[in-house]
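No lab work stands behind these numbers, since they all come straight from the coordinates. Just so it is clear, the structure is predicted and the values come from calculations on it, not from any experiment. Positions of Cβ are generated from backbone atoms using ideal geometry, with glycine treated the same way; all protein chains shown enter the neighbour counts.
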């Protein structure tokens, strides 16, 4: 692998390194440093190979690493992670808006293309579709300057009955789940009410006049913004 040049030189940041940086960024958002086991689970790698890569990324100045205490991205590591996220999410948005892809078919395409597309191409793609703020699944798109909305939202699985919410984002890693959500009408921007929740069981929601039951696993994939608390659920 090429050696890293002066600060700001990204010639040494390969596709696999970008995948690591994205994973660490996402784990950090959930709270604090990223452990080797968390990174290994996220990327489906053996913990031993992750440990070796952590040392390598620390040598490149992309993260700070302390054995047994996890890692954190440096400023350079965070900037590289956000550039990769921008490429990924702009590509997803472009495929849906400009090329009429379904939202369940763009994640894997973006995973492949994000490492090859230049930042100049991504900027042109974003401009062509009106500089979207979010991707088709509701994930925020970093600006070309690295600004991003890092608001953390609760999920449907966190809520009991009596809440009205707006869907902000859904996870995008499972095409089958996305197809199912599309059938149910669960998309970013949709408003719904939580009607009932069984102990360790399904959550009943209402979208307009339709009642639906979601298992807690699926409900945990839907991030929402609280609109209001109500004493009696809407019917």
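Brief remarks on what is shown
- Summary value for the chain: 15 percent relative contact order, contacts being C-alpha pairs under 8 angstrom separated by 6+ residues.
- Cβ crowding within 10 Å averaged over residues, with 77-86, 54-63, 184-193 ranked highest first: 77-86, 54-63, 184-193
- Most mobile listed residue (137, 107, 163) in the chain, GNM with C-alpha springs under 10 Å: 163
- With helices as the sole contributors, the chain gives -11500 deg cm²/dmol at 222 nm; each DSSP H run of n ≥ 4 counts as -39500 (n - 2.57), and the sum is divided by every residue.
- Extents of segment 170-209, taken as max minus min of Cα coordinates on every principal axis and listed largest first, are 28, 24, 14 Å.
- To the nearest ten degrees, helix 75-97 and the longest principal axis of the Cα atoms of the chain are 50 degrees apart.
- Cα shape, segment 157-235, gyration tensor, a/c 1.5 rule: prolate
- Angle in degrees between helix 175-184 and the longest Cα principal axis of the chain, rounded to the nearest 10: 30
- Prolate/oblate/rounded label for segment 36-142 (Cα gyration tensor, a/c 1.5): prolate
- Over segment 118-235, relative contact order from alpha-carbon pairs under 8 Å, at least 6 apart, %: 29
- Each peptide in 124-133, 65-74 gets a packing score, the mean of other Cβ atoms within 10 Å over its residues, and the list from highest to lowest is 65-74, 124-133.
- Overall form of segment 15-73 per C-alpha gyration tensor (a/c, 1.5; a/b vs b/c): rounded
- Binned Cα-Cα distance frequencies in segment 107-148 - 5 Å width, integer %: 6, 20, 27, 37, 11, 0
- Computed from Cα atoms, the angle from the helix 47-59 axis to the main principal axis of the chain rounds to 60 degrees.
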